């Protein structure tokens, strides 16, 4: 299992006329946590891209339990529960002061710069695999 | 069943560095189709808000089957399959030239301006209900 | 002079907690009008990109005169007053029911896919130039 | 003079198909620096809003000198050069590793919850004023 916690502060630009964070932004926050996880296993997404890989989202979902307001400090906990193969799944939980306000998931596959599905890069397989014993 | 088709053109601002529409934007497009559906059953969302109602997203999901590029003309078909009660569910399919490129769903509840769950407004119950025979 | 009028409807996602359209979105709307202008002079931006050109924003400005709310129908009038050379400037005015709510401008230069400034594509010079007599 | 430096990391969601940060996002980054400045003079924007004030953008401008890519670490320096009265102006400079990549400005006025222009809140006048000697 690989896990990371990203901290963020809700931007004014992220709110909508209901007075809370717009629901679409949670996918952006999930992505930020995902990027941080790749940093922490020493496979930064920027380097994956430079090496010709892309990691598009195949599927995403979110449940909104409590609204988040401008300036709220949120934590996004991202978890990779299963050793990634051709596909990769991450689960996310969003917290404010220890209370869960949302959760969600994303599923991904590696593709090359031409958009064709490819095996994950060797470095990623090695680094991520090492954390699944 | 209630259905509507929203046509849109992918904005440059909606693309990302992969060269395609950012996955988070699909939730925005679903919302546009939802707003159009409410127009078509003569319960515009703007009027619902003015009457003190809000219709937040409780849950959302999307599957991305084919990428969409800048300037692509897409159609978002929104469908309400079940007569709405305290909860409402919509399903969405995104098409480009007749080929499905994505699908998804959202679940909603009506709340009042203080954020408390409330029964759907009478006008909505009447208008939507009439379409479910 | 080249002019075009783009019509849009303010999306819920474009509002913020003040209850009106977020000020950053006006740059997106200006871009939509710009894209439509390029269509109308028969030099679609998509084709310019496919031919290896990019038209980044060098400078942008906006003045906000009146707020715009969710669902407002706005018109963005874009005007190219001067025959474009290495640089190109566009001015924009945003209207709601005939009343100006905002205005702004953008300045641009053509670059190639490597980011180097280049002369405008011949087709663009010909098509745009013809409209300046 | 009041000054603050906000650090940020370019999100993938903030890029566009040119491969760089979308120009509209700079207005969001300026806002983040503005919010931080208000924190630092002990007048958090959230508290201003709770007290019934709004600080909308009357005018904004940006010049884009060098593109910023996904994952770039940027610093946004915000400066208030003149003691604010009924109007307030801030200037911004964006840096990457000490090199300026963009600059801009915003102009603001305080309004109340009904949208009417009002004098700045006493606390803000006192706190900001104290820094202009």
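Label positions at residue B:9 and residue C:89, each projected 7 Å from the Cα along the C-beta direction, are separated by 2.6 nm. Quick check: from the Cα gyration tensor, does the protein assembly as shown come out rounded (a/c under 1.5), prolate or oblate? Taking the square roots of the gyration eigenvalues as a ≥ b ≥ c, the protein assembly as shown is rounded. Seen against the Cα atoms of chain A and their longest principal axis, helix A:25-40 is set at about 40 degrees. With just the Cα atoms defining each centre, how far is segment A:39-75 from segment D:103-133? Give it in Å. If we compute the Cα centre of each part, the gap is 36 Å. Comment: the Cα-to-Cβ extended label point of residue B:1, at 7 Å, lies 4.2, 5.2, 6.7 nm from its counterparts in the other copies, nearest first. Label-to-label distances for residue C:99 across copies, nearest first, come out at 4.0, 4.7, 4.7 nm, using points 7 Å from Cα in the beta-carbon direction.
Legend: mean number of C-beta atoms from other chains within 10 angstrom of residue C-beta atoms, peptide B:26-34, equals 4. Look at the stretch D:121-128: the mean tally of other chain Cβ atoms within 10 Å of its residues' Cβ atoms is 0.
Averaged over the residues of peptide A:6-15, the number of Cβ atoms from other protein chains lying within 10 Å of each residue's Cβ is 5.
Values of log10 I(q)/I(0) for chain B across q = 0.11, 0.13 Å⁻¹ run -0.41, -0.56, by the Debye formula with one identical scatterer at each alpha carbon and no solvent. Each other copy places its own label point for residue D:51 at 3.9, 5.3, 5.7 nm from this one, sorted shortest first, where the point lies 7 Å along the Cα-to-beta carbon line. Averaging the sequence gap over all C-alpha pairs within less than 8 Å and six or more residues apart, then dividing by the number of residues, gives chain B a relative contact order of 31 percent. Sorted fewest first by neighbouring Cβ atoms within 10 angstrom, B:108, B:23 come out as B:108, B:23.
Divide by every residue of chain D the summed helix terms, -39500 (n - 2.57) for each DSSP H run of at least 4, and state the resulting mean residue ellipticity at 222 nm, rounded to the nearest 500 deg cm²/dmol. All intermediate terms of the calculation are to be shown ahead of the outcome.
Working: 3 runs with 30 residues, N = 133.
Value at 222 nm, helices only: -6500 deg cm²/dmol.
Values in this text are rule-based calculations from the coordinates and carry no lab data. Remember, it's a predicted structure, so these values are computed and weren't measured experimentally. Because the Cβ atoms are built from the backbone with ideal geometry, glycine has one as well, and the counts that use them run over all protein chains shown.
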